[in-house]
Amino acid sequence: MKKFFPVYVRVPLLFALFFFAVEWLVGGDGEKPAFMEHPVVLILLGLFLFALIAVEIVASATNKILDRLMTPEERAAKEAETSLPFSQQPWVKKLMSKLTKTKTIQEEADVMMDHDYDGIKELNNELPPWWVGLFYVTIIFSVIYLLRFHVFDGDNQVVEYEKSVAEAQLQIEEYKKNAPDMLTADDAKYLTDPADLAVGKKLFDSNCMACHKIDGGGSIGPNLTDDHWILGGGIKNIFHTISEGGRPGKGMVPWKNNFKPSEIEKIASYVISLNGTNPADAKAPEGDIIWSKANLEEGAADAAPAEESAPAEQVAPAGEVASTEESAI
C-alpha cells in the first residue's frame, strides 16, 4: 500500500478527511469554518496533524530497523513481492477472491459438473458475493419504494418538483420585499419617514423643479399640490408615471434609467406629501382623476387611471402644445 500511497499523499489525505469530518460534526460552513468560530477545533486539528507526522516518523524508523535485521533471503522475497504489478499484489488477489469466490485451476474438479458436450465441461461456480449482495439490495429498495409511494402515497417526482417551485417562488417574493432596488409600482409604499421624504425632496429639487417648481406649484408640468391628476394619483400611479414617463410626445421622459426603484419610491412619496399645500402662483388644475392625500389617511386604495383620462398611450388633447419636457403626473 505504501508504494501506491506515499507519505506525502497519505498525510494530506488523512488530514483532509479528518478536517471535513470535524467541520461536518461541529457545523461549520464555507463562509465561517468551525475552527474560526471554535478555537478548540484548531487545537484538535493541530494535535491530529502532529500525531500523523509522529506515526509516520515512527513507522519509517521501525521499517528501517526491520530491514536491517532481515536475512538476504527475506530481503529478496520482500523485493520480489513489492515488484509485482498491482493486480498481482497478495492483498489485491485476496480481496478479489472474497468478492468473486473464484476457484483456482487446481480446485476446478470440486465444481465440475457431469455435463460433457464434445469435450466441453461446465463448472458450477457460485454467484459472486458482490452481485448477490447487490441483488438483495434491489429487493429491499423495491419493497421500500412500494410502501413509500404506492401504499403511503409519498410525493412522486412531479409533486416534489411542484413543491420546490412553489417554495422557490415564496423565497423570490420574500427577497423582493427586502430588496428595495427590485421594487415595482405594485410593491411601492407611501413613505412617511422624514429621512425618506428628505431624500425624495433632494432628488425632486435637483431633477423635477424645472417643470414643477420647487414648491410643486407647476410650470411646464402640472400642479402637484391639487387633487387633479392626469394619469392617476396615489403611490402606485405616481411611481409608474415617474418610472415609465408621461404621455408620448407631451409627458415627461421615463426616469427609470436615472433613478433606482427605491429612489423613485421616495420621490413619489415626496410628491404625495406636497398634496394639499398652497404654493404661491400655483398652476390651474389639470386632469380628470380626483385623488388627494386624504384618501391614504382614510385607507382608500390608490386611484386607478380612468378610461376618460389621458393614459400614457393617448395622444395629447387638441389645443395643447406638445412638449417632451412637460410632465404628465
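The values are calculated or read from the model by the stated rules, or taken from the named source; none is laboratory data. Just so it is clear, the structure is predicted and the values come from calculations on it, not from any experiment. Using ideal geometry, Cβ is built from the backbone for each residue, glycine included, and neighbour counts are taken over all protein chains shown.
The lone criterion from (1) closer than 30 Å to Phe5 by Cβ; (2) under 34 Å from the mean Cα position of the chain (by Cα); (3) among the β-branched types (Val, Ile, Thr) left unmet by Thr100 is number (2).
Test Lys93 against the criterion of being within 30 Å of Lys64 (Cα to Cα), of a type in the set (Lys, Arg) and either assigned to a helix (DSSP H, G or I) or not assigned by TED's automatic domain parsing to the domain that holds Lys64 (or both), and give yes or no. The answer is yes for Lys93.
Selection of region 161-191 for residues being in a loop (DSSP other than H, G, I, E, B) and more than 16 Å from Lys236 (Cβ to Cβ) yields Asn178, Ala179. No other residue among Glu122, Glu126, Glu173 is surrounded by 10 or more Cβ atoms within 10 Å (Cβ to Cβ) and in contact with a strand residue (DSSP E or B) (Cβ under 7 Å, 6 or more places away or on another chain) apart from Glu122. In the set (1) closer than 30 Å to Gly246 by Cα; (2) outside any loop (DSSP other than H, G, I, E, B); (3) at pLDDT below 90, Leu203 fails one condition alone, (3).
Answer yes or no as to whether Asp186 is in the same structural domain as Ala268 (by TED's automatic domain parsing) and either more than 18 Å from Lys250 (Cα to Cα) or basic (Lys, Arg) (or both). Answer is no for this residue.
The single condition among (1) in contact (Cβ under 8 Å) with a residue 24 or more places away in the chain; (2) over 43 Å from the mean Cα position of the chain (by Cα) that Ile214 does not meet is (1). In the condition set (1) free of Cβ contacts under 8 Å to residues at least 12 places away in the same chain; (2) in a loop (DSSP other than H, G, I, E, B); (3) not hydrophobic (A, V, I, L, M, F, W, C), Thr102 is compliant with all but (1).
Give the residues of region 234-255 that are on the phi < 0 side of the Ramachandran plot and over 38 Å from the mean Cα position of the chain (by Cα), sorted by residue number. Selection gives Arg247, Pro248, Lys250, Gly251, Met252. Of the listed requirements (1) at pLDDT below 90; (2) surrounded by 10 or more Cβ atoms within 10 Å (Cβ to Cβ); (3) over 30 Å from Ala268 (Cα atoms), Phe152 misses just one: (2).
The residues listed here are Pro254, Pro222, Pro248; of these, the one that is within 25 Å of Glu286 (Cα to Cα), modelled with pLDDT under 90, in the same structural domain as Pro279 (by TED's automatic domain parsing) and assigned to a loop (DSSP other than H, G, I, E, B) is Pro248. Taking residues in region 38-62 that are in contact (Cβ under 8 Å) with a residue 40 or more places away in the chain, and partners anywhere that are surrounded by 13 or more Cβ atoms within 10 Å (Cβ to Cβ), the pairs with Cβ atoms closer than 7 Å and at least 6 places apart or on different chains are Leu52/Val11; Leu52/Leu14; Leu52/Phe15; Ile53/Val11; Glu56/Val7; Glu56/Val11. For Lys213, the conditions (1) at positive phi; (2) exposed (fewer than 12 other Cβ atoms within 10 Å of the Cβ) all hold with the exception of (2). Picking from residues in region 217-271 that are crowded, with 19+ Cβ neighbours inside 10 Å and among the polar types (S, T, N, Q), the one that is nearest to Asp193 (Cα to Cα) is Ser269.
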